[in-house]
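A short write-up of the structure that comes next.
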Amino acid sequence: MATTRSNRPAALVTGGSRGIGRGIAVELARAGWDVGINYSSNAAAAQEAIQEVKAAAPAVRAEAVQGDIATTASRKYLVDFMLQTFGRLDALVNNAGVAPEKRADLLETGEASYDRVMDINLKGPFFLTQLAARTMLDLRKAGTIERGYIVNISSISAYTASVNRGEYCLSKAGMSMLTALFAARLAQEAVGVFEVRPGVIATDMTGPVKEKYDKLIAEGLSPIRRWGTPEDIGRCVAAILRGDFPFSTGQVFDVDGGFHLRVL
């Protein structure tokens, strides 16, 4: 494939075919970004995401790219795809993540579930960030991009204990430290690293517990008494990538309806 460098910045959004990832891709497109929409297995959902992106911003380019971020080969392929398709990689949004296939009491959590969740939610983003960061430094040196961005999508589960899905909570707590580590390492390299921490967001992942959270939200789980939307997260990511926080890195953005507040 011949490489054509886009005049627009380009972002890779992992897990971009559905839910929060799709919301991020659409909002970045509205902000003038080309987007690589990574998906693991659902090609139809990825094509639907592309259609939404094109409807929101007809001028931008959106391409689907299959890959399992838990594997070394896929991570390399994703970065190579961005370079070959767009000629650049200005931003990586580490959004892909999974919940345990079965919620189990902490005393019954199995190693297979632990390994699956940690490989996709933490190991994959760690090594993809490492690879993307090295690529961004090379692109800056070559004058292809001015600066780089890495945005990690974590969760209120980074600090909120759910004893029936401990492996998920650990993976999101790890994502917070991943953000701090890379932010400190890349601060002098014009690559900003940020964490967006969603609260209760209406996606297919939260669909099975909708009734439970409808009740909790109505009772005041968060001061803003509504479900969050993928658009809420997308707008936050778009603001970061717009460059609105040039003197910040390692910052955590809570997009949770105020859940993080301690209210009496």
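The values are calculated or read from the model by the stated rules, or taken from the named source; none is laboratory data. What you see is a predicted model; the values in this text were computed from it and never measured. Note that we place each Cβ from the backbone using ideal geometry, even for glycine, and neighbour counts take in every protein chain shown.
Before moving on, here are some points about what is shown:
- Residue identified as under 19 Å from Val98 (Cβ atoms), assigned to a helix (DSSP H, G or I) and either touching a residue at least 60 places away in the same chain (Cβ under 8 Å) or not hydroxyl-bearing (Ser, Thr, Tyr) (or both) among Gly16, Gly23: Gly23
- Look at the stretch 249-264: where a residue is in contact (Cβ under 8 Å) with a residue 12 or more places away in the chain and of a type outside the set (Lys, Arg) and a partner is buried (at least 19 other Cβ atoms within 10 Å of the Cβ) and assigned to a loop (DSSP other than H, G, I, E, B), sitting 6+ places away or on another chain with Cβ atoms under 6 Å, you get Asp256/Gly199; Gly257/Gly199; Gly257/Ser222; Gly258/Ser222; Phe259/Gly199; Phe259/Ser222.
- Of the candidates Tyr77, Tyr39, the single residue that is aromatic (Phe, Trp, Tyr) and either touching a strand residue (DSSP E or B) at 6+ places or on another chain (Cβ under 7 Å) or within 20 Å of Gly243 (Cα to Cα) (or both) is Tyr39.
- From Gly23, Gly32, Gly19, Gly87, residue being more than 23 Å from Ser155 (Cβ to Cβ) and touching a Pro at 6+ places or on another chain (Cβ under 8 Å): Gly32
- Residue within the stretch 51-64 that is within 21 Å of Val98 (Cβ to Cβ), over 15 Å from the mean Cα position of the chain (by Cα), in a strand (DSSP E or B) and of a type outside the set (Ser, Thr, Tyr) present: yes
- Candidate set: the stretch 224-264, residues that are out of contact with any Cys (no Cβ under 6 Å at 6 or more places or on another chain) and of a type in the set (Val, Ile, Thr); chosen: the one surrounded by the fewest Cβ atoms within 10 Å (Cβ to Cβ): Val263
- Tally, over the stretch 147-176, of residues that are under 15 Å from the mean Cα position of the chain (by Cα), among the hydrophobic types (A, V, I, L, M, F, W, C) and within 27 Å of Arg262 (Cβ to Cβ): 6
- All conditions in (1) under 18 Å from Leu128 (Cβ atoms); (2) among the acidic types (Asp, Glu); (3) within 18 Å of the chain's Cα centre (by Cα) hold for Asp80, with the sole exception of (3).
- When the stretch 187-211 is filtered for residues that are within 15 Å of Ser162 (Cβ to Cβ) and either in a loop (DSSP other than H, G, I, E, B) or at pLDDT below 90 (or both), the ones remaining, listed by number, are Gly199, Val200, Met205, Thr206, Pro208, Val209.
- Here Leu181 fulfils each of the conditions (1) within 14 Å of the chain's Cα centre (by Cα); (2) assigned to a helix (DSSP H, G or I) apart from (1).
- Selection status of Pro223, of a type outside the set (S, T, N, Q) and assigned to a loop (DSSP other than H, G, I, E, B): yes
- Any hit, the stretch 228-237, residues being within 18 Å of Thr160 (Cα to Cα) and either over 13 Å from the mean Cα position of the chain (by Cα) or part of a helix (DSSP H, G or I) (or both): yes
- Contact annotation: residue pairs with Cβ atoms under 8 Å, 6 or more positions apart or on different chains, pairing a residue in the stretch 132-150 that is aromatic (Phe, Trp, Tyr) with a partner that is crowded, with 19+ Cβ neighbours inside 10 Å and in a helix (DSSP H, G or I), are Tyr149/Ile240; Tyr149/Leu241.
- For the stretch 95-150, a tally of residues being at pLDDT below 95 and either assigned to a helix (DSSP H, G or I) or exposed (fewer than 14 other Cβ atoms within 10 Å of the Cβ) (or both) returns 2.
- Test: residue in the stretch 165-177 that is touching a residue at least 60 places away in the same chain (Cβ under 8 Å), part of a strand (DSSP E or B) and closer than 23 Å to Glu27 by Cβ: no
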